[in-house]
Amino acid sequence: MTDPGGEPLFVRVPANPIITPGELPYRANAVFNPGAARVDGDTVLLLRVEDLRGISSLYVARSEDGITSWRFDEKPLLAPDPAHPEEVWGCEDPRLTWLPEREEWAITYTGFSSRGPLVSLAMTRDFHEARRLGPVMPPDDKDAALLPIRFDGRWAMIHRPAPLRGGAHMWISFSPDLRHWGDHTMLIEARDGAWWDAGKIGLGPPPTLVSDGWLVMYHGAHMTASGPIYRAGLALLDRDDPTVVLRRSEEWVLGPTASYERVGDVSKVVFPNGWIVDEERDTLRVYYGAADSVVALVTARLSRVMEHVTAMPQPLHRRASDVDRVAWR
């Protein structure tokens, strides 16, 4: 995506891809789709690492500058556990949300097994140990992240159920205790037709609070004759009521154009899972999986991103629930 002045909104760092399987201290087929956090002065990535069986576990990497000199934990923070049959085929695609009220990080990730993918939740304070809270959504569901604060006393989580018929859309649900979830409401609907985000969309990094509301990055999978193309766009939610969508991309802002994004285990994929937002330095760093094979990074000026977002059109329906709502209690 390029602004009218010709300058790209998101810029790939020259070091891309910043992490490849050959750099890891263990054997791996692929490393991709990381969650991101700032902890004790380090950038922490929670990496999805696929081993030579095809099974994914979640490993921690740390770096002072968030680009180079990564320090890799040799053992996974979360790996498939026989005591958790919902994830025996893998732990995938983590998102990281700091919960100030609880003074800990929430890890939402996809547990995968023969019964399908579902949303699981774990907690950590330091990314050295994590405790599982278990599944919070039934199959088929994925692409989930918590918002960091409560709304009217309830936690909010964005996620992406996959119905047997129709498109795959982004939903938002609420919980008093992080275990029992209800008021399931469609948030952003996948478009129809030739759009870049028609048919299937899903949340990228966890929403982050900025001056204008909750900034959201999401992916869209556009089906072509040679398979899907995964690109990313932006949306803005109301700061007090995150079921209200204020703005939504018409154009994608990041697509697979670099060689490491176009060729890999799953070609033509950019899949953002984590970002680091620094309003004081006016920076936004987006960490993403490229072609389901390596980890890459784009950067942006946060002020330019927000100028772009606030200039985007308002959706026809500010609430997807104006069209369709299901309240399961």
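The values are calculated or read from the model by the stated rules, or taken from the named source; none is laboratory data. In this text the structure is predicted, and so the values were computed from the model without any measurement. Ideal geometry is used to build each Cβ from the backbone, glycine not excepted, and the neighbour counts take in all protein chains shown.
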(request) Taking LEU52 as meeting all but one of (1) without any contact (Cβ under 8 Å) to a residue 24 or more places away in the chain; (2) under 20 Å from PRO25 (Cα atoms); (3) not polar (S, T, N, Q), write down the number of the exception. (result) (1)
(request) Would you confirm whether any residue within the stretch 308-316 is surrounded by fewer than 14 Cβ atoms within 10 Å (Cβ to Cβ), assigned to a loop (DSSP other than H, G, I, E, B) and free of Cβ contacts under 8 Å to residues at least 40 places away in the same chain? (result) yes
(request) Would you please name the residue that is farthest from the chain's Cα centre (by Cα), looking only at residues in the stretch 244-286 that are assigned to a strand (DSSP E or B) and among the basic types (Lys, Arg)? (result) ARG247
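Residues THR257, THR299, THR283: which one is at pLDDT 95 or above and in contact with a Phe, Trp or Tyr (Cβ under 9 Å, 6 or more places away or on another chain)? Lay out the reasoning, then the answer.
Numbers: THR257 fails: in contact with a Phe, Trp or Tyr (Cβ under 9 Å, 6 or more places away or on another chain); THR283 fails: in contact with a Phe, Trp or Tyr (Cβ under 9 Å, 6 or more places away or on another chain).
Going through THR257, THR299, THR283 in turn, just one is at pLDDT 95 or above and in contact with a Phe, Trp or Tyr (Cβ under 9 Å, 6 or more places away or on another chain): THR299.
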(request) Would you please name the residue that is nearest to ARG285 (Cα to Cα), looking only at residues in the stretch 15-24 that are surrounded by 19 or more Cβ atoms within 10 Å (Cβ to Cβ) and hydrophobic (A, V, I, L, M, F, W, C)? (result) ILE18
(request) Look through ARG48, ARG27, ARG53, ARG12 and report the one residue that is modelled with pLDDT of 95 or more and either under 20 Å from HIS128 (Cβ atoms) or buried (at least 23 other Cβ atoms within 10 Å of the Cβ) (or both). (result) ARG48
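What strands (runs of 3 or more DSSP E), lying completely within the stretch 198-243, carry at least 1 residues that are in contact with a Leu (Cβ under 7 Å, 6 or more places away or on another chain)?
208-210, 213-224, 227-237
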(message) Which count do you get for residues in the stretch 119-164 that are under 15 Å from the mean Cα position of the chain (by Cα), surrounded by fewer than 24 Cβ atoms within 10 Å (Cβ to Cβ) and farther than 22 Å from ASP238 by Cβ?
(response) 3
